[in-house]
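Trainee: Just dropping this structure here.
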Amino acid sequence: MIFEKIKKIIGEQLQMEENEINLKTSFEDLGVDSLDLFQIIIEIEEEFDIEIEDAENIKTVEEAVKYVEKKVGGKDE
């Protein structure tokens, strides 16, 4: 579920097909520059109501998913 939402955010931000994005995809593979990454991080933060402190350490889609899972998992919902 988290992966699907993140994949959708990335696809919309980069105007690409979601099926081109998988867990092992790195943001470098996608040609993401710092501005694109900033926008993606903001969208993820808004979608999941979290704050991502060390976004520069997130290099792959899988790392983004795991980070969100950890943050969301620690919340009372």
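The values are calculated or read from the model by the stated rules, or taken from the named source; none is laboratory data. On a predicted model such as this, the values are computed, not experimentally measured, just so you know. Using ideal geometry, Cβ is built from the backbone for each residue, glycine included, and neighbour counts are taken over all protein chains shown. Ligands, DNA and RNA are stripped out before the accessible areas are found, and what is left, the full protein with its side chains, is counted by its heavy atoms. Shrake-Rupley method; radii C 1.70, N 1.55, O 1.52, S 1.80 Å.
Trainee: Of all the helices (runs of 4 or more DSSP H) wholly in the chain, which have at least 3 residues that are of a type outside the set (Lys, Arg) and at pLDDT below 95?
Mentor: 34-48
Trainee: Moving to a separate point now. May I ask you to say which residue of Glu12, Glu69, Glu17 is in contact (Cβ under 8 Å) with a residue 60 or more places away in the chain and open to solvent by 50 Å² or more (accessible area, probe 1.4 Å)?
Mentor: Selected residue: Glu69, the only one of Glu12, Glu69, Glu17 that is in contact (Cβ under 8 Å) with a residue 60 or more places away in the chain and open to solvent by 50 Å² or more (accessible area, probe 1.4 Å).
Trainee: While we're looking at this one, here's another question. Quick check on this structure: which one of Glu62, Glu28, Glu43 is out of contact with any helix residue (DSSP H, G or I) (no Cβ under 8 Å at 6 or more places or on another chain) and surrounded by 15 or more Cβ atoms within 10 Å (Cβ to Cβ)?
Mentor: After applying the criteria, what remains is Glu62.
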